[in-house]
Amino acid sequence: MDSTMLANLILPMVKADPRTSVLVLISNIRNQMGYTPSYRKAWIAKQKALEKMHSRWDASYNEIWQWCQVLERYVPGCITDLQTELAYYNNRLLRGCQVFKHLFWSFKQCRDAFAYCKPLVQIDGTFMYSRYTHRLLLVVAQDGNGRILPIAFTITPGESVDDWDFFLSRLRRHVCPQPNICFISDRGTGILAVIT
């Protein structure tokens, strides 16, 4: 019995609760089939079942533009800015294909609240884990009571000058166009090259 067959068998259980542990799935397979798969095979079957439910992880990048449209339509005042680039395979242009490059978004409620915060923003990036290799760049502000307010987010391939330029130019355009804003950062080379 291979992992694909096991994935079909456990799919209803994984749909009911995606957090079901692999050991519980192994027990369920043993009860239904009289067969005890290895932990590894059951884990792979669970991953395949999750892929059937949510499609492949890399396919989610193809749905980002739809997510942006939904945000702009159903979250009043939400700003999204999706940037793609031409797709190449073996140095040949794939006509009609675009690949994800950058995504910026900011919620109106956060931008409105920023008007009542200190004129100080903190910018940083963090790694995304698992199969996603991009970075999440974000900017937060602090109100008079010391509470943290996230005001803008970006997903980028890394923390290069181009990535920070995309983020900070959108931040200036959409969130804090006023002068005399103090930036606090980790002084990464990409940030310094854009700011100076």
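The values are calculated or read from the model by the stated rules, or taken from the named source; none is laboratory data. Only a predicted model underlies this, so the values are computations on that prediction, with no experimental measurement involved. A quick note on method: Cβ atoms are made from the backbone with ideal geometry, for glycine too, and the neighbour counts reach across all protein chains shown. For accessibility, only protein heavy atoms count, side chains too; no ligands or nucleic acids. Shrake-Rupley method; radii C 1.70, N 1.55, O 1.52, S 1.80 Å.
Structural remarks
- Comparing 122, 109, 47 in a Gaussian network model of the chain (Cα springs below 10 Å), the most mobile by mean-square fluctuation is 47.
- Counting only Cβ charges, +1 for Lys and Arg and -1 for Asp and Glu, the dipole size of the chain around its Cα centre is about 540 debye.
- Angle in degrees between helix 22-33 and the longest Cα principal axis of the chain, rounded to the nearest 10: 30 degrees
- Using R0 = 35 Å, the C-beta based FRET efficiency linking residue 23 and residue 128 works out to 0.80.
- Taking 0.36 nm per residue of separation and subtracting the current Cα-Cα distance, fully stretching the chain between residue 161 and residue 69 would add 30.4 nm.
- Cβ-defined net charge surrounding residue 178, 15 Å radius [Lys, Arg +1; Asp, Glu -1]: +3
- Taking Lys and Arg as +1 and Asp and Glu as -1, the other residues whose beta-carbon sits under 9 Å from that of residue 188 total -2.
- Site-free segments of the chain were taken between chymotrypsin sites (Phe, Trp or Tyr not before Pro) in DSSP loops having at most 14 other Cβ atoms within 10 Å, sites themselves excluded; the longest one is 36-115.
- Between the Cα long axis of helix 64-74 and the first principal axis of the chain there is an angle of about 60°, rounded to the nearest 10.
- Local electrostatic count at residue 41 - Lys and Arg +1, Asp and Glu -1, tallied over other residues with Cβ under 15 Å: +3
- Per residue, the accessible area of the chain comes to 62 Å², computed with a 1.4 Å probe over protein heavy atoms only.
- Of 142, 182, 100, farthest towards positive along the dipole that unit charges on Lys, Arg, Asp, Glu beta carbons give the chain: 100
- Close amide H partners of residue 176, meaning residues 5 or more places away or on another chain with modelled amide H under 5 Å apart, do not exist here.
- Percent carbon-and-sulfur accessible area, segment 1-155, ignoring ligands, DNA and RNA, probe 1.4 Å: 55 percent
- In a fully extended conformation the segment linking residue 113 and residue 98 would gain 1.9 nm over its present Cα-Cα distance, using 0.36 nm per residue.
- Longest stretch of the chain clear of exposed loop sites (trypsin sites (Lys or Arg not before Pro), DSSP loop, at most 12 other Cβ atoms within 10 Å, sites excluded): 57-130.
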